[in-house]
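Chemist: Sending over a structure as structure tokens; questions will come in a sec.
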Amino acid sequence: MSYRLLLFIIPFVSLLGLSACSPLEMLNATVSDEGYTSVLNKPYGNKPRQSLNIHIPRQVKKNADVVVFFYGGRWQYGSKDEYAFVADALTSQGFITVIADYRLYPRVDWREFVQDGASAYQWVAQNIQKYGGNPKRIFVMGHSAGAHIAAMAAVDESLLAKGTKRPCGLIGLAGPYDFLPIRDEDVKRIYSTAADLKNTQPITFVSKGDPAMLLLHGEDDEAVKPGNSINMAARAKRLGVPAEVKLYKDTDHIDILISLSSTFRSYTPALKETADFIARTVCK
């Protein structure tokens, strides 16, 4: 756990008298939903966990830009309901924000959760106009394992139904895009069914014509090395895909996520750089 997050949690737990809350629950306790309305638990498929939450700024502009966010958790845990602080951050910038659940290992393997990410994006592309969003300006975003899922939805066209417009852009926070050889035993099990491990890596699928990329990473990230973002962007740029890498000093794997929250927004400019990237990106 981030040292800076620990410095926050200890006095906050004492203040509120909380003993069993997760760090994310405590972050969520610092934000309100006054700036947006929510449509919860919309199904994008008929399997358990194939659902998403839509968060709409109260002062939403017509044909607003849309961000579909996927959370991390080593592809094994997490819930869309734990990320109110992300909804608060992105809606504060005027974006309709969709936070999607996906099926997890060990109930499914890597093929299913990757497909769930693409299916969630596809549902948004087909339905978001009903909620005021621009179906031509949808960005996929994720942290850690969620950045992997977002990246696969952006670069592997085979995951999308024929005729589906691809995302306008990819925003990755501390994402694993090029993590071979796999060293952690639990992650080895998740990908053990792959006939060729290269096909589990987003970098394998990068090609000319892919969506623009903004890849954000902490220099002190030991869980997912910054080389993942550096290598992904380098390959994209060699193929003519607009790609930017932003590396943050004194920032680890968790710091970059919690810097989206209003409490820790001074840690990194991740939210501002996300908003700036979306504003300047011209969709194909």
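Chemist: Would you mind getting me the FRET efficiency between ILE230 and LYS208? Use the beta-carbon distance for r and R0 = 22 Å, nearest 0.05.
Modeler: According to the calculation, E is roughly 0.65.
Chemist: Does anything in segment 254-284 have its amide N under 19 Å from the 7 Å Cα→Cβ label point of LYS136, and if so which residues?
Modeler: What the label zone holds, given the 19 Å backbone N cut-off, is 278-284.
Chemist: Quick one: which of 40-48, 211-219, 177-185 comes out on top by average Cβ neighbours within 10 Å, and what's the full order, highest first?
Modeler: In descending order of packing, they fall as 211-219, 177-185, 40-48.
Chemist: How are the alpha carbon pair distances in segment 88-220 distributed across 10 Å bins from zero to the largest one, expressed in percent?
Modeler: 12, 44, 33, 11, 1
Chemist: Could you list, bin by bin from short to long, the percent of Cα-Cα pairs of segment 32-126 in 5 Å steps?
Modeler: Taking every Cα pair in segment 32-126, the percentages come to 3, 15, 26, 23, 17, 10, 5, 2, 0.
Chemist: How much net charge surrounds SER192 when only other residues with a Cβ under 11 Å from its Cβ are counted (Lys, Arg +1; Asp, Glu -1)?
Modeler: Combined, the nearby Lys, Arg, Asp and Glu give -1.
Chemist: Starting from the Cα of ALA223, move 7 Å in the Cα-to-Cβ direction to define the label point; list residues of segment 253-284 whose amide nitrogen is under 14 Å from there.
Modeler: 253-260
Chemist: How large is log10 I(q)/I(0) at q = 0.14, 0.18, 0.21 Å⁻¹ when the Debye formula is applied to the Cα atoms of segment 207-261, each weighted equally and without solvent?
Modeler: These q points yield log10 I(q)/I(0) values of -0.39, -0.59, -0.73.
Chemist: Over all directions, average the projected area of the Cα convex hull of segment 155-206 and note it in nm².
Modeler: Result: 4.6 nm².
Chemist: Then there is this: Excluding same-chain residues fewer than 8 positions from LYS198, which lysines have a Cα within less than 28 Å of its Cα?
Modeler: LYS47, LYS162, LYS165, LYS188, LYS208, LYS225, LYS237, LYS246, LYS284
Chemist: In addition: Between beta-carbons, use under 12 Å as the cut-off and find the net charge around LYS272, counting Lys and Arg +1, Asp and Glu -1.
Modeler: 0
Chemist: I'd like the distance separating the alpha-carbon centroids of segment 123-171 and segment 39-82, in whole Å.
Modeler: Result: 12 Å between the Cα centres.
Chemist: Using the number of other C-beta atoms within 10 angstrom as an exposure proxy, rank VAL245, VAL206 with the fewest first.
Modeler: VAL245, VAL206
Chemist: Here is a further query. Just to check, using Stokes-Einstein with a Kirkwood Rh over alpha carbon pairs, what's the diffusion coefficient of the chain at 37 °C and 0.692 mPa s in µm²/s?
Modeler: D = 175 µm²/s.
Chemist: For the chain, build the charge dipole from Cβ charges (+1 Lys, Arg; -1 Asp, Glu) around the Cα centre, then report which of PRO135, ALA29, ALA236 sits farthest towards its positive end.
Modeler: Working it through, the farthest residue towards the positive pole turns out to be PRO135.
Since every read-out is calculated from the coordinates, none of them should be taken as a lab result. As the structure is a computational prediction, the values presented were derived from the model and not from experiment. Every residue, glycine among them, receives a Cβ derived from its backbone with ideal geometry; neighbour counts consider all protein chains shown.
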